[in-house]
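Asker: Shown below is the structure under consideration.
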Amino acid sequence: VAGDPTIRQELIRQLCYAETIKYLGYRTQSAASRGQLPGPESSVIKLAASRRLEHQGNLVMSISGASGMLWQTSAYLGGFWQNQFLGQWMSRIGGGTDQIQRNTIGEKVLQLPPEPRVDKGIPFKDVPK
């Protein structure tokens with residue numbers, strides 16, 4: 001594994017995700033210590049974290065090969081990495097889907113226009129179904 005340049009590149013990608021999340025976390029903590037509310041960087045952190053977990057799960061399963069199909073006591077570390085792989089979906093859905101985070105980043109950071117909404121200003125109970 002260590003001799004494979006593609007695997008090394010993907011491991012470095014994992015490190016880049018981790019560093020991005022760490023420094024954005026510092027930025028959020030710094031703003032909070034000044035009494036400011038979290039800004040859109042929270043959406044960037046959430047998106048980066050879910051992308052990292054997705055990439056990590058896929059990478060580990062790729063490295064594991066056929067043994068990645070083993071489960072619990074039959075698997076290395078009692079199936080820890082299989083659980084990580086299967087659990088990646090929780091981070092991508094819980095707390096706002098990746099698409100919602102992208103919309104927030106697009107509108108609040110990049111100043112892109114919001115998506116058109118025909119139901120804006122209408123109570124949910126009155127939205128046609």
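Asker: Taking into account only those residues within region 58-97 that are of a type in the set (Phe, Trp, Tyr) and without any contact (Cβ under 8 Å) to a residue 12 or more places away in the chain, which is nearest to residue 46 (Cα to Cα)?
Answerer: Result: 89.
Asker: I'm trying to understand the selection: among the residues of region 103-117, which are part of a loop (DSSP other than H, G, I, E, B) and among the hydroxyl-bearing types (Ser, Thr, Tyr)?
Answerer: none
Asker: Can you spot a residue in region 31-42 that is crowded, with 17+ Cβ neighbours inside 10 Å and within 18 Å of residue 90 (Cα to Cα)?
Answerer: Within region 31-42, one or more residues are crowded, with 17+ Cβ neighbours inside 10 Å and within 18 Å of residue 90 (Cα to Cα).
Asker: Then there is this: Can we say residue 25 is closer than 19 Å to residue 105 by Cα and either surrounded by 13 or more Cβ atoms within 10 Å (Cβ to Cβ) or modelled with pLDDT under 90 (or both)?
Answerer: In short, yes.
Yes or no, residue by residue, for (1) at positive phi; (2) in a helix (DSSP H, G or I):
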residue	(1), (2)
48	no, yes
51	no, yes
78	yes, yes
88	no, yes
101	no, yes
119	no, no
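Asker: For region 98-118: of the residues being in contact with a Pro (Cβ under 9 Å, 6 or more places away or on another chain) and touching a residue at least 24 places away in the same chain (Cβ under 8 Å), which is nearest to residue 48 (Cα to Cα)?
Answerer: So, considering only residues that are in contact with a Pro (Cβ under 9 Å, 6 or more places away or on another chain) and touching a residue at least 24 places away in the same chain (Cβ under 8 Å), the one nearest to residue 48 (Cα to Cα) is 105.
Asker: Filter region 59-72 down to the residues that are at pLDDT 80 or above and either assigned to a helix (DSSP H, G or I) or β-branched (Val, Ile, Thr) (or both) and list them by number.
Answerer: 59, 60, 61, 62, 63, 64, 65, 66, 67
The values are calculated or read from the model by the stated rules, or taken from the named source; none is laboratory data. Note that the structure is a prediction, hence the values are computed from the model and not measured. Neighbour counts are summed over all protein chains in view; Cβ atoms, including those assigned to glycine, are modelled from backbone coordinates with ideal geometry.
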